1. Listing S286, S629, S442 from the residue with the fewest other Cβ atoms within 10 Å to the one with the most, what is the order?
2. As an exercise, find the ratio Rg/Rh for the stretch 608-684 from alpha-carbon atoms, using the Kirkwood inverse-distance average for Rh.
3. Sorted by packing (mean other beta-carbon atoms within 10 Å per residue), highest first, where do 553-560, 375-382, 236-243 land?
4. Using packing as a proxy for protection, rank 319-330, 425-436 so that the peptide with the highest average count of other Cβ atoms within 10 Å comes first.
5. Take every Cα pair under 8 Å in the stretch 441-579 that's 6+ residues apart, average their separations, divide by the length, and report that relative contact order as a whole percent.
6. Which order results if I73, I545 are arranged by neighbouring Cβ count within 10 Å, fewest first?
7. How far is it, in nm, from the label point at L281 to the one at V363 when both lie 7 Å from their Cα along the line to the Cβ?
8. Using the alpha-carbon atoms, what tilt in degrees (0 to 90, nearest 10) does helix 213-223 show relative to the longest principal axis of the chain?
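Values quoted throughout were computed directly from the atomic coordinates according to the rules given, and no laboratory measurement underlies them. Since the model is a prediction, treat every value here as computed from it, not as a measurement. Cβ: placed from backbone, ideal geometry, glycine included. Neighbour counts: every protein chain shown.
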Amino acid sequence: MGGPCHVPVAPGDCRGAADRNVGARRREQGTCGPRLRRAHLPWERRGMQDFTLRERLRYAFDNTLARGTGALIAWLSVASFAVVVIAAALLVAGDVRPPDGEPFSFGEAAWQALMRTIDAGTVGGDQGWGFRALMFAVTLAGIFTLSTLIGILSSGLQERIHELRKGRSRVVERDHTVILGWSEQVFPIIGELIEANASREDAAVVVLGDRDKVAMDDAMRERFATTRTTRIICRSGSPVELNDLAIASIDTARSIIVLAPDRPDGSRPDDPDVDVLKAILAIVNSPQRKTAKYHLVAELRDPRNATVAEMIGRDELELVIAGDLIARITAQTCRQSGLSVVYTELLDFGGVEIYFKDEPSLVGRTFGEALYAHEDTAVIGLRPRDGAPRLNPPATTTLQAGDRLIVIAEDDDAIRLSSSVAAPDPAWFVARPAPEARPERSLILGWNWRGPSVIHELDSYVPAGSQVHVVADVDGVDDALATRCGSVVRQTVTAQRADTTDRRVLDALDVTAYDHVIVLCYGDGVDAGRADAVTLITLLHLRDIAQKTGKPVSIVSEMLDLTNRRLAEVTRADDFIVSDRLVSLLLTQISENKELNLVFRELFSPAGNEIHLRPVGNYVQTGAPLTFSTLIAACAARGELAFGYKLARQASDADAAYGVVVSPKKSELVTFGPDDRVIVLAEG
């Protein structure tokens, strides 16, 4: 009776029997707890592919709620409607009514229920306990519904505001300017666009960058106290993502500026051109792109990437090679003091600009006659009807129908023909030959990635036998000179590792023995403030050396931040080149008129016509008043085109644009001194 229980076991079930015996013993010993018991869920017992109606309905309901605020409001509306209908049905079916009240129709009953759902105070005037009880229940349901609705609306509004602050909503604009990429260059570009849009009633600039929208908006408010007629709209997104590009509405934009983005810490990436090329590729080759052509303007750092960019963008893209541009301006400016001021005057929208102007009344007349057709507008070239722009064409060129003049004026509305321009007086002409060129010595203090390009550009201007000496306290200068400057033919290049802020180093260099001194900023891996501070210290030492030795030193300095230029002016350097600002100005000009790219390419190139500042005494007599039209005629006699001058007596006056006057009145009398310069377009 107390012996073991023998259970018959079928062949092959020994293991199962053993397991059952073990389980029985554990149950007898009390060791079979929840750890060993399996809690079977209902769907496990039914099978994973079986769903009840309740599960399907709940799943559909959950999916509906997940759709957001609209779905929640819809469900509340359904619940409120159900409460009203049920209450109305009960009022009618049960003949529930106030004492001495008439029976309700279904419509009247629904109205009574709806009023108590919306306004809880309505129930206070009810009479009759049956009617009161039913309406009180309806009122409680209404209180619940309205309170829930208020919470949903508040939450939905906060969610919407949060989404808007993310900057992911699509811009609905037309004829706007789009800037792709976030960097310090955004601010000067927008500043110039504000000036350019001053004559437009409602203009918009859209910035798409990989930054937080709130941070971008705050940065805009800090930089611009007023934007006048221009609205600045910031959106967060990647310029290389097709969906993000749609946020900026690039298909309806009149121009798109593509910038190399900065890192979050403000520094430039090692190869910023990659992001620019990817952005151009995303725009041009998008499957959803518009059929019309884009007006793209892009900045590249490495000229070797220009060929790839042109293959991608074709005739929709205008390129600005930043390194080459600044290098050419630096090389030209170090040999002609005041040239950077002329370029800045032509590039920004605050003074004069370059325009293309139709003048039908001048058809049949020569280009030489057109030079004197405007009183305060300088004519510098011709845009043939079916050809590329030509600067300083032969004076005998006849204007044809459809040709456009290339002019310099304060505004396109200010370009007006005049019949009262003073006639030139040939009696003031002189024929003084230019001095014979001699080898030049140039000293470069500091170094950055533009250094080799500056040396190459100098090689295009200096006579054979010239010298360049580089002094910098950074690694890689010798390697850069060996790999990138081995093709220079007119100069010998040497380098020295030394601290350019050390006075002993500068004294040992004998800087007064050089024809030109170029101070480059240490811009690679150094923030703008630190780089400009080093430049400023070097300039102070150079100016002190010049004062103590009594020998003039021609100094051209590169600055990164425009705000530091005012500080550097105490050094009285001959010229300051704010590199990023000039690039930004050029990008903005081309975004407004793509044909200007061909004009500026010729101006900045060693080939063709360039801007020169030459002694006025080489063309006319000095020391007595004469009209600017006379100076124009004297220059035209040598195949050169005059469009301004630089007065030496105002060279240190920032308020007078350092003595530079572009597009002056032709009939105005000016007394030139022996050190004054005329600004001309000429070859070589």
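1. Working: S286 14, S629 22, S442 25.
Final ranking by Cβ density, sparse to dense: S286, S629, S442.
2. Details: Rg = 11.7 Å, Rh = 12.4 Å.
Across the stretch 608-684, the Cα-based Rg/Rh ratio is 0.94.
3. Values: 553-560: 24.1, 375-382: 22.6, 236-243: 18.5.
Ranking, from highest mean packing down: 553-560, 375-382, 236-243.
4. Values: 319-330: 23.0, 425-436: 10.7.
Per-residue mean Cβ counts within 10 Å order the peptides as 319-330, 425-436.
5. On the way: 232 pairs, mean separation 34.0, N = 139.
Rounded, it is 24 percent for the stretch 441-579.
6. Values: I73 15, I545 18.
Ranking I73, I545 by Cβ neighbours within 10 Å, fewest first, gives I73, I545.
7. About 4.8 nm separates the two model spin labels.
8. Once rounded, one gets 30 degrees.
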